[in-house]
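Report on one structure; see the data block that follows.
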Amino acid sequence: MNKEDLRIIFMGTPDFAVESLKALVENNYNVVGVITAPDKPAGRGYKLQPSAVKEYALSKGLHILQPSNLKNEVFLNELKRLEADIQVVVAFRMLPETVWSMPPRGTFNLHASLLPQYRGAAPINWAIINGEKETGVTTFFLKHEIDTGEIIFQEKITIENNDNVETVHNKLMALGAQLVLKTIDAVIDDSIQSQPQNLFFDNEKELKSAPKIFKETCEIDWNKPIQEIHNFVRGLSPYPAAWTELEINGEKLNFKIFETKTVHKSHRLKLGELFTDNKTTLQIAAQDGLIDILDIQLSGKKRMKIKDFLNGFSFNS
């Protein structure tokens, strides 16, 4: 089979998915349809905004479907009429079996972790929060239980000590696009030999999960060691961002913290207590040292580098 003959439906919504769709389109694969989320109100005027995938698909004149209900008969009939051989899913929502089982070559998903580790909604965040030294991307065939289908291919990257969600996201986005092409090529060559995920672990207790992150999940615990706090901050930066409440000049204020540095230094400060020179340094005491704050945002204000922040905000340490 030639790549022009393989009819592909692509499903995705955010920027992470655009890179994979772009790789397929620009390498002349036959994308016969794009499924993405309905437009959503955003901004001050709450005007309807298309997803990043829709914007790209429109620019290339691709056929677009935006179902609010994936079990809707009208949508299912439209999907059938596209006569896809295979479906590719990147950063989309959970599919019902009637959708993922429709094409004869199946449906595969690109997941931003080395499955079976970090199944769930926030794999990049949790890999960094947990201090992993490597992560990667996985393509796998969909089945009933989320993120548990047979693994097709994987690629790894190193997580550097100062990587955050944004930098790892961008690395995996590019790597994932190439893995999607590799997977499609294997489908065309009929050379896929997928493997059950239970071959990748001995005990389910070894597996780490990646549940959805909520605001409550993002509060910094200053009782923890400084490396864990540093990992926590970068694992939530730039979004949704780690936050803390600090008492400054007798007033409790909320801050988001985007970048930190660990300072291995003995101190006599209480956990969570501040030290600052009101010029270039703001540090917070933790269990085994200090956390040097490099990038901060006071609630209701702009995000700022710490030197700029201290230039307009003075307080007693």
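Brief remarks on what is shown
- Mean separation of Cα contacts under 8 Å, 6 or more apart, over the residue count of region 61-108: relative contact order %: 39
- GLY149 long-range amide H proximity, modeled H, under 5 Å: LYS143
- The modelled label-to-label distance between ASP15 and LYS80, using points 7 Å beyond Cα along the C-beta direction, is 4.0 nm.
- Dipole magnitude for region 183-244: about 420 debye, using +1 per Lys or Arg Cβ and -1 per Asp or Glu Cβ, origin at the Cα centre.
- Per residue, region 181-306 exposes an accessible area of 59 Å² to a 1.4 Å probe, with every protein chain left in place.
- Under a 5 Å amide H cut-off, with hydrogens placed 1.01 Å from N, MET11 pairs with ILE35, VAL88, VAL89, VAL90 among residues at least 5 apart or on other chains.
- Loop sites in region 195-252: trypsin sites (Lys or Arg not before Pro), DSSP, at most 12 other Cβ within 10 Å: LYS212
- Axial C-alpha extent at least 20 Å, average Kyte-Doolittle at least 0.5 - helices from the chain (DSSP): 165-189
- Computed per residue of the chain from DSSP H runs no shorter than four, each worth -39500 (n - 2.57), the mean residue ellipticity at 222 nm is -7500 deg cm²/dmol.
- Percent antiparallel among DSSP beta bridges (both partners in region 10-145, rounded to 5): 40
- This model, with +1 at the C-beta of Lys and Arg and -1 at the C-beta of Asp and Glu, gives region 1-61 a dipole about its Cα centre of some 260 debye.
- Accessible-area composition of the chain, carbon plus sulfur, in percent [1.4 Å probe]: 46
- Choice from PHE141, PHE201, PHE258 showing the highest fluctuation, given a GNM over the chain with Cα pairs closer than 10 Å: PHE201
- Among beta bridges that DSSP assigns inside the chain, antiparallel share in %, nearest 5: 70
- Protein-only accessible surface order, largest first, of SER51, SER314 at 1.4 Å: SER314, SER51
- What the Cβ-Cβ distance of ASP277 and ILE248 gives, at R0 = 22 Å and to the nearest 0.05, is a FRET efficiency of 0.90.
The values are calculated or read from the model by the stated rules, or taken from the named source; none is laboratory data. None of these values were measured; they are calculated from a predicted model. Neighbour counts run over all protein chains shown; Cβ positions are idealised from the backbone, glycine included. Ligands, DNA and RNA are stripped out before the accessible areas are found, and what is left, the full protein with its side chains, is counted by its heavy atoms. Shrake-Rupley method; radii C 1.70, N 1.55, O 1.52, S 1.80 Å.
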